[in-house]
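The values are calculated or read from the model by the stated rules, or taken from the named source; none is laboratory data. Note that this is a predicted model, so its numbers are computed, not measured. Cβ coordinates were reconstructed from backbone atoms using ideal geometry, including for glycine residues, and neighbour counts include every protein chain displayed. Please note that ligands, DNA and RNA were not included when accessible areas were found on the heavy atoms of the full protein model with its side chains. Shrake-Rupley method; radii C 1.70, N 1.55, O 1.52, S 1.80 Å.
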Amino acid sequence: MKNINYIALLLLLLNSCEKAIDLKLPDNTPKYVIEAVLTNEAGGCRVAISQTKAFTGDNTFTGVSGATVTISSNGSAQTLTPTGTGIYQHSTFKGAPGNTYQLTVQVDGKTFTASSAMPQPVAFDSLYVKKGEGNNKDGSPLQYAFAGYNDPGSVKNFYRFVQYVNNKKEKTVFIADDEFTNGNSVNNRLSFSNDNDDPARNIKSGEQLTVEMLCLDPVVYQYWYSLKNGAGGDGNNAAPSNPDTNLSGGALGYFSAHFIQRKTILVL
Amino acid sequence: MKKRHLPAFLLLLAGQAALAQNKYTLSGTITNKSNGETLIGATIRSGATGTATNAYGFYSLTLTKGSHELNVSAVGQKPKTITIDLAADQKLDIALEDNTQELQTVIISAPSRGGRDLRGTQMGVEKLSIKEIKDIPVLLGERDVVKTLQLLPGIQSAGEGSGGFYVRGGAVDQNLLLLDEATVYNASHLLGFFSTFNSDAIKNVSLYKGDMPARYGGRLSSVMDVQMNDGNNQGTHVSGGVGLIAARLNVEGPIQKDKSSFLISARRTYADVFLKLSKDTDVNRSQLYFYDLNAKANYVLGSKDRIYLSGYFGKDVLAADKVNGINWGNTTGTLRWNHIFNNQLFSNTSLIYSNYNYTISLRQDVNDYTIYSRIRDWNLKEDMQWFPGDAHRVNFGFNGVYHSIKPGQITASGNAGISSQELPNRFSLDQAAYAGDNWKVSDRFSLSYGLRLSAFSILKEDSRKTYLNAEPRLGAAYQLDAQSALKAAYSRNAQNLHLISNSSSGSPVDKWVASTQLIRPELADQVSLGYYRDLSEHKYELTLETYYKKLQNQIDYRNGANIFTNQPIETQLLYGRGRAYGLELLLKKKTGRLTGWLSYTLSKTQRQIDGINQDDWYNARQDRTHDISLVGIYKLSERWVLSANFVYYTGDAVTFPAGKYQIDGSTYYNYTSRNASRMPAYHRLDLGATKQLKQTKKFSSELSFSLYNAYGNPNAYRIYFRDNKTDPNRTEAVRTTLFTFVPAISYNFKF
């Protein structure tokens, strides 16, 4: 369920002022960050390993090389090969719905493991764009993408959507479960707020819009949910915390075996 | 169970009373002469023997036979001396005149009256009458009892933009807010910039921050008991005010002179009118307003009976446009019957209704949906006060509240695929019986002891359950000399309604949940010790209190909790314990041209919940090491009153990131210990001035000026972390400030 951001609205109405300030923050002790993905497509098997860094540093994160990364299922293991600094891939290994996969990452004497089950896919039926109320800051009409699908009533389903405008990825995490939509024909609006007024994020006519629909393992949905609400730094949550993860061994990040489908349209 | 013991207990006391030979009882009501309002806490004494009126202005005083010089006084009233010759039980109603003398109108508490009672055992209580808060500068010129109480020790603001407050380290939901006995579940207007208590309609406020009398229960930290005016029974009067963002109107008058009266008081903000003028479409389509209405009527049925009917209705609307928004509001109603059985036994029977609900409306394309939630109470309450002689004052009674909670109802239309659904309502019965006695053991030593038994039953669910709690209340006071006293108290409180919130500033959609099989009653044990001293012949008053509080069954969301689920909330919660301790100092100057006070609190508040912060103790958000308020009111001339207050407090304990990392190309933050960092310290100075305009017998008016945050300190409302807009390769901490230099002017009138 989405809630309206009344705090943001209130701040707008009160004409509150904002300023970047220096703060004393707790010291950073580097932690491993593992982002591991296995999909139903060849080339979709990818693991990125990096580390946390101090808040004051820049946003260039160098990968961690020298790790041994394997994904196994039903007794057969696939080893991923490094393709860049901290990037490990397998060009042909695909996952299949219903199977459970185990990830093992060994790096610098530490071992991190996780398990993820790829759910049965729900068909991505339609992608379209509709106008919202109002305009973007650049004057263009506010438009949103809608993803249409028929949610199966017999099982719980968890989704994530990734939106690209002219191949530029929207950073908002779009997730949905079926608690309020179970068994229904769903038209999910991919709502986002262009909080940094970057014109490239707006959906405008003539642009190419791509949306990926990911059917998620419930534990991975919980990862994205808690990441979005607890670790984004927005200051609204009274108790920010690291997200719930399926990785054991003390690393940040997740391992997701998901089913991916995508659609691309030209915005009229 | 309780009641079986009660008669024996009463007999014991009655026996003591009967021993008092040659004593007679004087009883009656003390009122304000000009408007007929009953006076709460007015004192009447003969030498060392004295008493104070109860919440309905009733007193009962047992004295020896013979002649007595009675001194009667109350805050803001001229003291009166009455000589009587007591030869039989006697009824004596007393009316006090307003104290309109120059220099006296701004006195916070006049000497030897209205000040802290050195003899009584009650400690940890702050009382304010509306007259006292009149000249203290406030945000946007709107007087507000809740904001003023926050200038007193141990009562801490939950921050700008929050209507809540913390009492001695307790959470916002651990305060019981009562308006004419009805529970107010959300006392915030405009997300907390104003409280639901319209000062035009209010007579008196008492805030108990420890050692609550046994007649109160249900919350761990405090009771804020707000009494509405009864309405002027002498003549019809209209008063009102126009400020920058709100207008108020109050009408009151007799229905039958001396016998009955009514009061209607209304407020509406009109800031939304200005929003429409904005060119920004995000702003001019927005709605932002509240209104509220207080109404009360009372009728004297005879010398022994009086009936009161009072109600409150308020609503807030905050919307981005016509269809996307949220509204919330409280409704309360109280029907009361005062009955005087005899000159020593006073009874009040109340039937009380309270309701809080909110609706969230959202539209996306052609899809509409609304989310509705509600908590509603019916409460039957009986309070008896018995004055069996000058040594005892006994309270006993019972009440039963039927709570029904609608956790969430979703109504949807359109093609979004959202199903309309409703979680089953939850019902519970909250019963309590209590008895307590204030016993004046000797001239110097007083004791109060009481017991509240509460039984909370979960109804109409598969798993019915009743939680029984015994809540003892104990207090002792020892008068060291004529100027100073020592007091000590212990109390236990149980709480069965819990507000589950994870937003940093509190929100109208925070959930009220009742105790269940898994959510056990919260318990608090508090011990406190206090020293009280009058200085310089009652010019100054010093109060020093310390407390230690142990809390059990505290509740918090687990990390990563899903707060928008309609599933049973228990799965998203964790349970633990808490502790809070502190030292509070209050130095008041009560007389002279300059009056005011200095308040200082040194405190610590922590929680320990398995599953949070590696199971270690951590600071609660409201852990405030230092909290200082300085309030000064200066009567410059007959026309002008100047005022100022200064506030400083340690920033909230919050969780700031220890580092950052990237997921899917976006920056996220790494958190280590819970609440290990601090918001910047908060401080501001407010200035105020009130000018009395031309005054006639029939009409008076005044102009009030105020400047909130006079030196424009950019206090942090919240701090968030983001990638820099122009250089996305850097991250920055951004502080949001709500108010710097807020000037206001308002005009108030009365005729």
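Surface composition of region B:125-750: carbon plus sulfur atoms contribute 58% of the solvent-accessible area (1.4 Å probe, protein chains only, all chains present). Each 10 Å bin from 0 upward holds the following percent of the Cα-Cα pairs of region B:443-494: 22, 30, 21, 15, 8, 4, 0. A dipole drawn for the protein assembly as shown from +1 and -1 charges on Cβ atoms has a positive end, and of B:Thr38, B:Ile84, B:Asn367 the residue lying farthest that way is B:Ile84. Net charge in the neighbourhood of B:Thr731 (other residues with Cβ under 12 Å of its Cβ; Lys, Arg +1, Asp, Glu -1) is +1. Each Lys or Arg adds one and each Asp or Glu subtracts one; over the other residues with Cβ under 11 Å from the Cβ of B:Leu190, this totals -3. Give me the tail of P(r) for region B:578-688 as a percent: Cα-Cα pairs with distance above 17 Å. Here the long-distance tail beyond 17 Å is 67 percent of all Cα pairs in region B:578-688.
Taking the Cα centre of chain B as the origin, how large is its charge dipole in debye, to the nearest 20, when only Lys and Arg (+1) and Asp and Glu (-1) carry charge on their Cβ atoms? Show your work: numbers first, answer last.
Values: 86 positive and 68 negative charges, 155 e Å.
That gives chain B a dipole magnitude of about 740 debye.
What does the accessible area per residue of region A:119-268 come to in Å², with a 1.4 Å probe and no ligands, DNA or RNA counted? Provide the component values of the computation, followed by the final result.
Working: 5760 Å² over 150 residues.
In whole numbers, region A:119-268 has 38 Å² accessible per residue.
For region A:18-61, the alpha-carbon coordinates run over 46, 27, 14 Å along the three principal axes, in decreasing order.
Heavy-atom accessible area for A:Val64, with the other protein chains in place and a 1.4 Å probe, reaches approximately 20 Å².
Build a GNM of chain A with springs between Cα atoms under 10 Å apart, and of A:Gly43, A:Gly86, A:Gly57 the one that fluctuates most is A:Gly57. Shown here: chain A, whose C-alpha atoms stretch 55, 49, 33 Å along the first, second and third principal axes, sorted largest to smallest.
Rounded to the nearest 20 debye, what is the charge dipole size of the protein assembly as shown about its Cα centre when +1 sits on each Lys and Arg Cβ and -1 on each Asp and Glu Cβ?
Details: 108 positive and 91 negative charges, 345 e Å.
My answer is approximately 1660 debye.
In square angstrom, what is the accessible area per residue of region B:453-564 with a 1.4 angstrom probe? Walk me through the numbers before you get to the answer.
Working: 4480 Å² over 112 residues.
So region B:453-564 comes to 40 Å² accessible per residue, rounded to a whole number.
For region A:128-268, compute Rh as the Kirkwood radius over C-alpha pairs and then the Stokes-Einstein diffusion coefficient at 4 °C and 1.567 mPa s; write the answer in µm²/s, rounded to an integer. Write out the running numbers ahead of the final one.
Details: Rh = 16.5 Å.
Rounded to a whole number, D works out at 78 µm²/s.
Counted by Cβ distance under 10 Å from B:Ser701, the other residues give a net charge of +2, where Lys and Arg count +1 and Asp and Glu count -1. Size of region B:416-561 from its Cα atoms: along the principal axes, largest to smallest, the extents are 74, 34, 23 Å.
How large is the Kirkwood hydrodynamic radius of region A:32-117, in angstrom, based on all distinct alpha carbon pairs? Show your work: numbers first, answer last.
Values: mean 1/r = 0.0742 Å⁻¹.
It is 13.5 Å.
When the charge dipole of the protein assembly as shown is built from unit charges on Cβ atoms (+1 for Lys and Arg, -1 for Asp and Glu) and taken about the Cα centre, the candidate among B:Tyr575, B:Ser746, B:Ile94 whose Cα reaches farthest toward its positive end is B:Ile94. Ranking B:His626, A:His258 from most to least accessible surface, computed with a 1.4 Å probe over the protein chains only, gives B:His626, A:His258. Shown here are the Rg and Dmax of the Cα trace of region B:144-282, at 17.6, 56 Å. Using only the alpha-carbon atoms of region B:564-626 as identical scatterers, what base-10 log of I(q)/I(0) does the Debye formula give at q = 0.23 Å⁻¹? After summing over all Cα pairs, the log10 values are -0.96.
Give me the accessible area buried between chains A and B, both sides summed, with a 1.4 Å probe, in Å² rounded to the nearest 100.
7500 Å²
Pairing the Cα long axis of helix B:2-19 with the longest principal axis of chain B, what angle in degrees results, from 0 to 90 and rounded to the nearest 10? Approximately 30 degrees, to the nearest ten.
How many percent of Cα pairs in the protein assembly as shown exceed 45 Å?
Numbers: 191877 of 518671 pairs.
That fraction is 37 percent.
Each of B:Glu422, B:Glu584 has its accessible area taken with a 1.4 Å probe; listed largest first, they run B:Glu422, B:Glu584. Measuring nothing but how far apart in sequence close Cα pairs (under 8 Å, 6+ apart) lie, relative to its length, chain B scores a relative contact order of 10 percent. Considering the options B:Ile458, B:Asn198, B:Ser60, tell which one lies farthest towards the positive end of the dipole of chain B, charges being +1 on Lys and Arg and -1 on Asp and Glu at the Cβ, about the Cα centre. Highest projection toward the positive end goes to B:Ser60.
Can you give the charge dipole size of chain A about its Cα centre, rounded to the nearest 20 debye, using +1 on the beta carbon of Lys and Arg and -1 on the beta carbon of Asp and Glu? Numbers along the way, then the final one.
Numbers: 22 positive and 23 negative charges, 58 e Å.
That gives chain A a dipole magnitude of about 280 debye.
With the highest mean first, a sort of the peptides B:522-533, A:146-157 on other beta-carbon atoms found within 10 angstrom per residue produces B:522-533, A:146-157.
Peptides A:195-203, A:243-251 ranked from most to least packed, by the mean per-residue count of other Cβ atoms within 10 Å: A:243-251, A:195-203.
Note down the Stokes-Einstein diffusion coefficient of region B:521-635 in µm²/s, whole number, using a Kirkwood radius over alpha carbon pairs, 4 °C, and 1.567 mPa s. Present the calculation step by step, with values, prior to reporting the outcome.
On the way: Rh = 17.1 Å.
Estimated via Stokes-Einstein, D reaches 76 µm²/s.
Surface listing: B:Thr605, B:Thr81 arranged by accessible area from highest to lowest gives B:Thr81, B:Thr605, probe 1.4 Å.
So for chain A, averaging the separation of alpha carbon pairs under 8 Å that are six or more residues apart and normalising by length, what relative contact order in percent results? It would help to have the intermediate numbers written out before the result.
On the way: 580 pairs, mean separation 52.3, N = 268.
Computed over chain A, the figure is 20 percent.
The tail of the calculated P(r) for chain B beyond 44 Å holds 24 percent of all Cα-Cα pairs.
When both region B:125-204 and region B:406-431 are represented by their alpha-carbon centers, they are found 32 Å apart.
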